[in-house]
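The values are calculated or read from the model by the stated rules, or taken from the named source; none is laboratory data. Nothing here was measured: the structure is a model prediction, and the numbers come from that model. Cβ atoms come from the backbone with ideal geometry, glycine included; neighbour counts cover every protein chain shown. Ligands, DNA and RNA are excluded from the accessible area calculation, which covers all protein heavy atoms including side chains. Shrake-Rupley method; radii C 1.70, N 1.55, O 1.52, S 1.80 Å.
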Amino acid sequence: MKPFYVTCLMGALLCQTAVAQSNSDFSAYEQQIPGTDIRFKMVPIHGGTFTLGSPAGEKGHKADEGPAKKVQIADFFMGATEVTYDEYNEYADQDKPGLPDGMTRPSPPYIDLTLGMGKSGGYPANSMSQYGALMYCRFLYYKTGVFFRLPTAAEWEYACRAGSDKAYPFGDDASQLNKYAWYKQNSEGKYHKVAQLQPNVWGLYDMMGNVAEWTMDQYDENAIANVTAEDPWTQPTAKVPRLLKGGNYDDDAAALRSAARLKSDPVWNRRDPQIPKSKWWNADAPFVGFRIVRPVKQPTKEEAEKFFEEMIDKYIGAR
């Protein structure tokens, strides 16, 4: 992706604080997927300055979380919950009607990717590649006319912290996690329906635990050291590894910290019998899911199509 184009596009997609703050519509709303009764809630996230990463003294700190750096984030909307199977299957289920022209569906999974943990009724969609998550965003754009994408790692961390500079949105006391997160101590080894526990103070559920969430970033151990001061984004340069945030139902408390980073691993698809391996699914990653964001100022049709070409078509099968 050319640097000039990236600057222009991210400027259009991310740097619209003044516009959003003067927009009376910058409030929580529900988005319906046309032709269905499926609706999901989007929450306004007011931009600001925060410290990305964690200090060396934070319990559980790892080298890729620092050196912590102050950055500026613009306004955006974020999904109140992780994307559920009920939502994702409007795109992924081969039996669902209404696929936009020019789009393909994910190949049918060759195993039960839920591993019996639950599917309809509010369970988080899981086991998709980052490519599969981004293609769902493209599906939503074609169905609704509204541009959605994955959050950048910085946007995700800013939203998770919800104004806190501690290890977790509620402070440093990991014993409080039971109120907010499904993780190793309370999940019984499985993910749970979204929004069953308390949200953070900005109204976002399950930011910690349940399923880990794809971001739009390439994983780079030195990413924070190299980020820009405004709306940082480590742009993709290869299909792997990509960056996830939030920890999952089988993680210990340290992996659920706001600053914690997870590097994707090709081993997550080791049981895939296909040659080449599926570009849609990670058979051995039932702990992976995603949530979406909506830029306040929507890109033009040409800008959106360029984004999809350079973020999705250029890296088919990214994971």
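A few notes on this one:
- In segment 108-176, the trypsin sites (Lys or Arg not before Pro) that fall in loop regions by DSSP, at most 15 other Cβ within 10 Å: Lys166
- Qualifying GluC sites (Glu not before Pro) for segment 150-190 [loop in DSSP, other Cβ within 10 Å: at most 11]: Glu188
- Accessible area per residue for the chain is 41 Å², calculated with a 1.4 Å probe on protein heavy atoms, without ligands, DNA or RNA.
- Convex hull volume per residue in cubic angstrom - Cα atoms of segment 199-259: 114
- Taking a span of 20 Å or more along the helix axis (Cα atoms) and a mean Kyte-Doolittle hydropathy of at least -0.5 as the rule, the DSSP H helices of the chain that qualify are 130-144.
- All Cα pairs of the chain, percent lying beyond 28 Å: 34
- Placed amide H near Thr152: partners under 5 Å, 5+ positions off or other chain: Met216
- Residues with amide H under 5 Å from that of Thr228, placed H, sequence gap 5 or more: Trp233
- Gained length - Thr237 relative to Tyr29, 0.36 nm times residue gap less alpha-carbon distance: 71.4 nm
- Taking amide hydrogens as placed 1.01 Å from N in the peptide plane, the amide H of Trp182 sits under 5 Å from those of Asn210, each at least 5 positions away in sequence or on another chain.
- Rg of the Cα atoms in segment 199-319, relative to 2.2 N^0.38 Å, amounts to 1.15.
- Table column - 3J(HN,Hα) (Hz), segment 27-42, Karplus curve with 6.51, -1.76, 1.60, x for Gly and Pro: 8, 4, 8, 10, 9, 9, 8, x, x, 9, 9, 7, 9, 9, 8, 10
- Taken one residue at a time, the phi angles of segment 272-285 give Karplus couplings (6.51, -1.76, 1.60, θ = phi - 60°) of 4, x, 6, 10, x, 5, 3, 8, 9, 10, 10, 4, 10, 10 Hz. Gly and Pro are set to x.
- 3J(HN,Hα) along segment 47-64, derived from phi through the Karplus expression 6.51 cos²θ - 1.76 cosθ + 1.60 where θ = phi - 60°, amounts to x, x, 9, 8, 8, 7, x, 10, x, 4, x, 5, 4, x, 3, 10, 4, 6 Hz, with x in place of Gly and Pro.
- Debye intensity ratio in log₁₀ form over the Cα atoms of segment 233-274, taken at each q of 0.27 Å⁻¹: -0.99
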